[in-house]
Every structure is written in structure tokens, then in C-alpha cells.
Amino acid sequence: MAILARSAYMHFMFNDLTSPASYITTRRSCRPRDMIAPGPDEPQIRAMVSTALRTPDHGKLTPWRVVHVTSDQRARLSEKLQAAYLAEKPNAGRLELEAMDMFAHHAPELLVVLYSPKQSRKIPEWEQELSAGAFCMNILHAAHIEGFVGGWITGWPAYSESVRDFFGQSSERVAGYIYLGSPAKPLEERPRPHLGDILSSWNG
């Protein structure tokens, strides 16, 4: 019984907004397939992206942008994803195509973040890529602070150039699909690395 009570307490404490410190130490994404309504409305989405604009960006290049795929566009996205998948993998089976359909319909809201590098003599593309990743992370933070959950995923639709063309240009790449909504069930912890494997002291 004590174990069950502690488990429930841990679920309750995910994304704890009582203080900045409590939030950042309990932050937890949600799997897109486990999200239900309500999701953020248009003003809330604009506020989340506006918050993410404070992402560190060396050189003020803004090497990222966002495309909002609205709920009434999901069926069309599913059709285009399946067509692109079949064009690349003509022998794809039913389960693979169903996975593309599910990808298009997860969660109430979907943001596609594009890495959009800019020409610069001072700022290498590697730093711009880092900034794009931080931008995605800050959208998740903003979503959780608004009381929603978010999930950032990639997979084949992020690596396919034909899918990239649905949203952007040849110079861009999909940094991630960020799904937003409410959790259908309590969040569960995932394995985390041991601090000793990550943090060390320089012996130089």
C-alpha cells in the first residue's frame, strides 16, 4: 500500500508548478499517443511560441520557425504522409501506413519546428542547430507552464525530405514534431542516467 501511495504521489508531482525549481526538477514529457483534449487554443499557442523566442541565439539569426498544423488539417496530413511513405517504400505494409496515420492524428495540437539555418561568417551551423534544439525544449517548457503536456518526437517524418517539403524549403530540416494536449493517464517516470556517468571534474 505504501508503494502504491508513493507512486501516486510521484505522478502528482510531475511538472510541479509551485516554483521554478520544483518545475525544472519534475519536468516530464508526455507520449503524444497518450494526449487528449483539451489542448491549447490559438492565443495560448502564440504565447508558448512567444516565450520560446527567448531561446539563446548566437548572432540573432533566429535559425528556427514553427508551423502550426490545426486539427482540421490532420486528415490531409495523414494522406500526404502515407503517400510520401509509399513513394519511398512502395512495399510498405498496412501497419506501417497505419503508423503514419496515427502520427498525423496524435494529440489535440501539433507544432512542426523547422531548423532554418542562416548564412553567417561568424556563427557556424552547429551552433544554429543547438539553438534550434533549445527552441524546441523551450516550447515544451512553455506548454507545461500553461498547464498542458507536450511531447517532442522525430522519426521518419522528420528525416524525409519529401515530408520536409510539406512545411519548409530545401535549406531547412524538421527539428521535431511537438504535440500538445492533456494527459489521458498519469505520467510515469522513465529511466534517467546516473549523475556520476554524466558529471565529472576536469583533471587537466
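The values are calculated or read from the model by the stated rules, or taken from the named source; none is laboratory data. The structure displayed is predicted, hence computed values, not measured ones. Cβ sites come from the backbone with ideal geometry, for glycine too, and all protein chains shown count toward neighbours.
Within region 165-204, can you find the residues that are in contact with a Leu (Cβ under 8 Å, 6 or more places away or on another chain), outside any loop (DSSP other than H, G, I, E, B) and more than 28 Å from A21 (Cα to Cα)?
We begin by selecting, within region 165-204, every residue in contact with a Leu (Cβ under 8 Å, 6 or more places away or on another chain); these are 166-168, 172-175, 177-180.
From the residues that got through so far, the ones that are outside any loop (DSSP other than H, G, I, E, B) too are 166-167, 173-175, 177-180.
Within region 165-204, F166, F167, R173, V174 meet the criteria.
Let me confirm something: among A83, A87, which residue is touching a helix residue (DSSP H, G or I) at 6+ places or on another chain (Cβ under 7 Å), in a helix (DSSP H, G or I) and either within 24 Å of L180 (Cα to Cα) or of a type in the set (A, V, I, L, M) (or both)? Spell out the reasoning first.
Values: A83 fails: touching a helix residue (DSSP H, G or I) at 6+ places or on another chain (Cβ under 7 Å).
Answer to the selection: A87.
Of everything in region 94-129 that's of a type in the set (S, T, Y) and surrounded by 18 or more Cβ atoms within 10 Å (Cβ to Cβ), which residue is farthest from P32 (Cα to Cα)? Steps first, please.
Going through region 94-129, the residues of a type in the set (S, T, Y) turn out to be 115-116, 120.
When the remaining residues are screened for being surrounded by 18 or more Cβ atoms within 10 Å (Cβ to Cβ), the result is 115-116.
Numbers: Y115: 21, S116: 24 Å.
Step by step, filter region 94-129, then rank; the result is S116.
Could you please let me know if L86 is of a type outside the set (G, A, S) and buried (at least 17 other Cβ atoms within 10 Å of the Cβ)?
Working: of a type outside the set (G, A, S): yes; buried (at least 17 other Cβ atoms within 10 Å of the Cβ): no.
Answer is no for this residue.
Is it fair to say I123 is over 30 Å from D16 (Cβ atoms), touching a residue at least 60 places away in the same chain (Cβ under 8 Å) and either out of contact with any strand residue (DSSP E or B) (no Cβ under 8 Å at 6 or more places or on another chain) or not in a helix (DSSP H, G or I) (or both)?
Values: over 30 Å from D16 (Cβ atoms): yes; touching a residue at least 60 places away in the same chain (Cβ under 8 Å): yes; either out of contact with any strand residue (DSSP E or B) (no Cβ under 8 Å at 6 or more places or on another chain) or not in a helix (DSSP H, G or I) (or both): yes.
Judged against the criteria, I123 is a match.
Which residues, taken from region 65-75, are part of a helix (DSSP H, G or I) and within 29 Å of L53 (Cα to Cα)?
Here is the first cut: in region 65-75, the residues part of a helix (DSSP H, G or I) are 71-75.
Those that are part of a helix (DSSP H, G or I) and within 29 Å of L53 (Cα to Cα): S71, D72, Q73, R74.
Could you pull out the residue among S78, S131 that is in contact (Cβ under 8 Å) with a residue 40 or more places away in the chain, assigned to a helix (DSSP H, G or I) and of a type in the set (G, A, S)?
Details: S78 fails: in contact (Cβ under 8 Å) with a residue 40 or more places away in the chain.
Just one listed residue meets the conditions, S131.
Of all residues being part of a strand (DSSP E or B) and either in contact with a Leu (Cβ under 8 Å, 6 or more places away or on another chain) or not β-branched (V, I, T) (or both) in region 34-64, which is surrounded by the most Cβ atoms within 10 Å (Cβ to Cβ)? Just the residue, please. Spell out the reasoning first.
Going residue by residue through region 34-64, those that are part of a strand (DSSP E or B) are 35-36, 64.
Retained after the next criterion (residues that are either in contact with a Leu (Cβ under 8 Å, 6 or more places away or on another chain) or not β-branched (V, I, T) (or both)): 35, 64.
On the way: M35: 22, W64: 25.
The qualifying residue surrounded by the most Cβ atoms within 10 Å (Cβ to Cβ) is W64.
So A142 clears everything in (1) farther than 21 Å from F166 by Cα; (2) touching a strand residue (DSSP E or B) at 6+ places or on another chain (Cβ under 8 Å); (3) hydrophobic (A, V, I, L, M, F, W, C) except one condition, right? Which one?
Every listed condition holds for A142 apart from (2).
Using the structure shown, decide if D72 is in contact with a Ser or Thr (Cβ under 6 Å, 6 or more places away or on another chain) and either under 22 Å from G39 (Cβ atoms) or modelled with pLDDT under 95 (or both). Quick ask: steps written out before the conclusion?
Details: in contact with a Ser or Thr (Cβ under 6 Å, 6 or more places away or on another chain): no; either under 22 Å from G39 (Cβ atoms) or modelled with pLDDT under 95 (or both): yes.
Here the answer is no, as D72 does not meet what is asked.
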